[in-house]
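Student: Just passing along the structure, written as structure tokens.
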Amino acid sequence: MVAHRQAQLHHRQGELQARSRHLRARLADESQPLQRTLSLADTARDRVRWLAAHPQWLVGIVAVPILLRPRRALALGLKLWWGWRLVRRLRAFIPPPPGIHPPWKPPAR
């Protein structure tokens, strides 16, 4: 009886492993179109992390447009500031996704 149960479990384990291999292969095939996009996102994330670790370069990157075209840089800065204020105002009307608790609203206990 025990040997029969072990044989059933071993057979079921083989079926599950085969299904897992099939699902992994299917996921790899279906995610091929996203590979380039995700690669670009990874590159962007790595560059942002590098800039965070080397803030002197960020100052240089920001300073060049200000020195070359101050009027355009001021206009862009004002647009960015306006957009930031708009987003902050709209946050009050848009509920956060489930399971995410924004820093201004701690989770209820």
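Student: Note down all Cβ pairs under 8 Å where the first residue falls in the range 78-98 and is closer than 20 Å to residue 66 by Cα, the second is charged (D, E, K, R) and not in a loop (DSSP other than H, G, I, E, B), and they're at least six residues apart or on different chains.
Tutor: Here the result reads none, with nothing in the range 78-98 linked to a residue that is charged (D, E, K, R) and not in a loop (DSSP other than H, G, I, E, B).
Student: When both residues are 6+ apart or on different chains and their Cβ atoms are under 7 Å apart, which pairs have a first residue that lies in the range 28-54 and is without any contact (Cβ under 8 Å) to a residue 40 or more places away in the chain, and a second that is assigned to a helix (DSSP H, G or I)?
Tutor: Cβ pairs passing all conditions: 51/57; 51/58.
Student: Next up: Does the range 73-81 contain at least one residue that is modelled with pLDDT under 85 and not hydrophobic (A, V, I, L, M, F, W, C)?
Tutor: No, the conditions are met nowhere in the range 73-81.
Student: On the basis of being in a helix (DSSP H, G or I), at pLDDT below 95 and touching a Leu at 6+ places or on another chain (Cβ under 8 Å), does residue 51 make the cut?
Tutor: It is true that residue 51 is in a helix (DSSP H, G or I), at pLDDT below 95 and touching a Leu at 6+ places or on another chain (Cβ under 8 Å).
Student: Looking only at the range 22-45, how many residues end up being surrounded by 10 or more Cβ atoms within 10 Å (Cβ to Cβ) and either touching a strand residue (DSSP E or B) at 6+ places or on another chain (Cβ under 9 Å) or charged (D, E, K, R) (or both)?
Tutor: 4
The values are calculated or read from the model by the stated rules, or taken from the named source; none is laboratory data. Model, not experiment: these values are computed from the prediction. FYI the Cβ positions are ideal-geometry reconstructions off the backbone, even for glycines, and counts take in every protein chain you see.
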